[in-house]
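**Q** Let me begin by handing over the structure; questions about it come next.
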Amino acid sequence: MDELHRWTTWEAREMDATKDRHWLVVEHERFVARFLHPGSDDLEQIQDQDIYVTVTGGPTYYVSLMTLGAIDAVLRRWAATRENAGGGYFWSTDLVIIPRPGITAMIEAIAGLIHDDELGDACRTIPSEEEQDRI
C-alpha cells in the first residue's frame, strides 16, 4: 500500500490514507474506512464520497458523505434536467452531511458518529459473509 495523505484530526490523531489497488484505506483505532479513489489527488477537495466503514470488533456500514455544496450542485443539475421534480427534492439513505469538503471532515464525521454511538442509527449495516449465506 502506498501512503497518499497524512493529517491530524480534531481528536489530535495522526491519520494516513493509503492506496490498496483501487481503494483508499484510512485506519483509525476504532474503525477502518475504505472508499474508491475519487480520481483527484487533492483529498481535501472531495465533496461527496461513499465509504465502507468497518468498526473495530463490529459490523461494516455503508456511509454516503456530502457537503451542502454537493447537494446544492445535484439539485441545480436536476433542475436543468427536470429530474426529481425538477430539483425540487433530494434524499438518500445512509447520508451524513459534512460541514466542509475533504477527507479530514469525512473521517472526523465518522469518528464522531462512532464516538456518539450513532453510526448504526444513521447508516445501514453491510451483512457479513455468514449473514449473506443465511439469506
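**Q** What do you get for the angle between helix 68-81 and the principal long axis of the chain? Use alpha-carbon atoms, 0 to 90 degrees, nearest ten.
**A** Computed tilt is about 40 degrees.
**Q** Plugging the Kirkwood radius over Cα pairs into Stokes-Einstein for the chain, at a temperature of 10 °C and a viscosity of 1.306 mPa s, what D comes out in µm²/s?
**A** After rounding, the answer is 100 µm²/s.
**Q** Then there is this: Using alpha carbons only, what's the Rg to Rh ratio of the stretch 73-129 with Rh from Kirkwood?
**A** Expressed as Rg/Rh, it is 1.11.
**Q** At 222 nm, what value in deg cm²/dmol follows for the chain if DSSP H runs of at least 4 each add -39500 (n - 2.57) and the sum is divided by all its residues, to the nearest 500?
**A** -8500 deg cm²/dmol
**Q** Rounded to the nearest 20 Debye, what is the dipole magnitude of the chain about its Cα centre when Lys and Arg each give +1 and Asp and Glu each give -1 at the C-beta?
**A** Rounded to the nearest 20 debye, it is 580 debye.
**Q** With every protein chain left in place and a probe of 1.4 Å, what is the accessible surface of TRP78, to the nearest 10 Å²?
**A** 40 Å²
**Q** Something else about it: Got a sec to turn the phi values of the stretch 25-35 into Karplus ³J(HN,Hα) couplings, 6.51 cos²θ - 1.76 cosθ + 1.60 with θ = phi - 60°, whole Hz, x for Gly and Pro?
**A** 10, 10, 9, 10, 5, 9, 6, 10, 10, 10, 8
**Q** For the full complex of protein chains and a 1.4 angstrom probe, list ARG100, ARG77 by accessible area with the highest value first.
**A** Per-residue accessible area, sorted high to low, gives ARG77, ARG100.
**Q** Accessible area of the chain with a 1.4 Å probe: how many percent of it is carbon plus sulfur?
**A** Carbon plus sulfur share of accessible area: 47 percent.
**Q** Which whole-number percent is the relative contact order of the chain (Cα, under 8 Å, 6+ apart)?
**A** So the answer I get is 20 percent.
The values are calculated or read from the model by the stated rules, or taken from the named source; none is laboratory data. It should be emphasised that the depicted structure is a prediction, and the values quoted were computed from it without experimental measurement. Every residue, glycine as well, gets a Cβ built from its backbone with ideal geometry; the counts of neighbours run over all protein chains shown. Just the protein is used for accessible areas: all its heavy atoms, side chains included, with ligands, DNA and RNA removed. Shrake-Rupley method; radii C 1.70, N 1.55, O 1.52, S 1.80 Å.
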